[in-house]
1. From the backbone phi of segment 414-426, what are the Karplus-calculated ³J(HN,Hα) couplings (6.51 cos²θ - 1.76 cosθ + 1.60, θ = phi - 60°) in whole Hz, Gly and Pro given as x?
2. Counting only residues 5 or more places away or on other chains, whose amide H sits under 5 Å from the amide H of VAL570 once H atoms are built in the peptide plane?
3. Ignoring ligands, DNA and RNA, what accessible area per residue does segment 97-218 give at 1.4 Å, in Å²?
4. How would you order 178-189, 307-318, 538-549 from highest to lowest mean count of nearby Cβ atoms within 10 Å?
5. Can you figure out the FRET efficiency of ASP2 with LEU292, using R₀ = 35 Å and their beta-carbon distance, to the nearest 0.05?
6. Please report the carbon-and-sulfur percent of the accessible area for segment 270-393; probe 1.4 Å, protein heavy atoms only, DNA, RNA and ligands left out.
7. Once Lys and Arg get +1 and Asp and Glu get -1 on their Cβ, which of LEU88, PHE73, LEU113 lies farthest toward the positive end of the dipole of segment 2-117?
8. Within the set of other residues whose C-beta is less than 9 Å from the C-beta of ASN109, count the net charge using Lys and Arg as +1 and Asp and Glu as -1.
Amino acid sequence: MDVLTCAALSLGEVQLANGLSKTKSGTVQLASNAAILFLGQYLLLKFYRVFLFHRYFSPFRHLPGPKDNHFLFGQSINFIRSESPNDLYIKWMKQWPDAPIIRYLGVFNREVLVVNSLTSYKNLVQTNCYALAKPGWWRGVTRDIVGDGIIVMEGEEHRTHRKMLSGILSAPSVKKLEPVVWEKAREVGRLFDSAIAATPDGKTGVIPSSDTFSMFTLDIMGRITLGFDMNHLGSTAEAYQQGKSETSHSYSPSSSKEIQPTFHEAYMSLFGQSDFGNLLMFVNAYFPVRWLPFEANRIYVRGAKWINRTLLSIIRKRQEEVRRDTEAGKYEKQNSRDMLTFLVEETLPGGPAEGLKENHFLGHILQLMAGGVDTTASMISWSSYVMAKHHDIQDKLQAEILDFLSRVPEPTYPDIDTLPYLNGFVKEVLRLYCPGKTILPPFWFDVLPRYLALLHQPPWAKSCHLLILSETATTIHRQALQAIVLDGLPVPQGTEIDAAFAMPMRNPLIWGDDAEQVRPERWLHLTAAQKSPYAFPCFNNGPRMCIGKNLAYLEMKVVLVEIVRQYRFVGVVTEPKITSPSLLLHGHGLEVSVERIGNA
């Protein structure tokens, strides 16, 4: 915009000056004068924006915010150096706990507002939801990975598609999925047994929490979204029984063409990229780099093609089956068992999604799968960490579950949903370790510093990250499409706004002086402020609330009941590593030791 403004202004000034001058200049001279004016005015405008506006002229200059800014990059370097993606946001919240809005400076000292009060957060995600949009760079990166699904949609298009998809994961629909979740939770138990049996003493096994629960949720989402069993848990249990410790496999494009990856392997090539792979992913949102002959590119491109080709084949086959049976008068809608079949039914002639484009079909399926896998897996993984660290909490949870099961040996989800300590435990872990993260930093914010670091270390020496694209986030970015008001503060069009969910969920003015401690009992007696939905925004709120919230709670509680009734987490073998900047608050490398209890 600045380029166009300066160009138009320069051309107008040159034409005006030439018209007033008695001596008319030639075309070359006019072009030269315009170029000089353009360059001078553009540099002056940029100097004003970068060094003067935020300090002397911004309407937000009086807002509280950090002062330890780099002269050019603001807080960006501090974000990169922080130990956790939430560290700076939490630090600012504790410094100004009662400030409705906090301001920080990003690259080139661009201003970013951070909502810090319950009212400002409500104004952001509820009151003005569709007056804001996700920035273009975010949609570009997201679309490259998971296509044109509901996550990248805005405005009326988002309303229409969300209404269509809401039925798939409504409470009555999720209730029908309960047998699948119980079945897979029991498979987790069998995997635990295999890990224990594979040890020399046959008593205590070591479980890689992240991989184990990622396979658990991916197996469930395979059944729920596509209607077939991927059986990653079963194959991993067999690997333990055969004396192998690997719980996942490396998917490499250099492998023989005859060897097909598992869905989990191909999935991880998209959502578990190396640092160099993430670098290329970010850069590709601004400059096309996927054609470059890097190993990370080959892994990503082949995995993306395999997943897209596989899903499209499944979608087209299901569409043909439903269409054929419908035309023959043999098809009954109540037989629908998965999200894919539901969507196919909605696209039938006369259905609410008739005419749904294939790219949206693919995007919705892939995004529903992605949104339902790693956020839930991460929460369950952090639950194992909490129990391994806090045996007193584990004892209370186990006592409640075992006492309940002595009275209700074959419970349903509505039964276990009534357990107060289990409910408090799940919400407390979510409050402190909210898993998903949709923040995809702009190129100059994250990628350039990472690239400079990578120059000193080969990309294959880096650890892998998990990426999740979902509305279940630790931090979200928005940009005002029009002038809005946040907790009484006028915010002009174009302003960038962050919402870091850890801020209200760890604010001592809301949760007390022990807000940083794991205390499930706090959920038994909530204050008025704590009862606010905006004090616990782990699944977001408003029109963009996580569509899979009901399913996530079902998965979390069922697997916890099934595990805690039979096993005890003894301790942490390998501490989790949280990478920052990161796309997910994920405990990389977490390993816990487990043992069977009693005669369960």
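1. x, 5, 6, 5, 8, 6, x, 6, 4, 4, x, 5, 4
2. SER593, VAL594, GLU595
3. Value returned for segment 97-218: 35 Å² of accessible area per residue.
4. Per-residue mean Cβ counts within 10 Å order the peptides as 538-549, 178-189, 307-318.
5. Plugging the Cβ-Cβ distance into 1/(1 + (r/R0)^6) gives 0.70.
6. Solvent-exposed carbon and sulfur of segment 270-393 make up 53 percent of the total.
7. With unit charges placed on the Cβ atoms, the residue in question is PHE73.
8. +2
The values are calculated or read from the model by the stated rules, or taken from the named source; none is laboratory data. Being a predicted model, the structure only gives us computed values, none of them experimental. Neighbour counts are summed over all protein chains in view; Cβ atoms, including those assigned to glycine, are modelled from backbone coordinates with ideal geometry. What goes into the accessible areas is simple: the full protein's heavy atoms, side chains included, and nothing from ligands, DNA or RNA. Shrake-Rupley method; radii C 1.70, N 1.55, O 1.52, S 1.80 Å.
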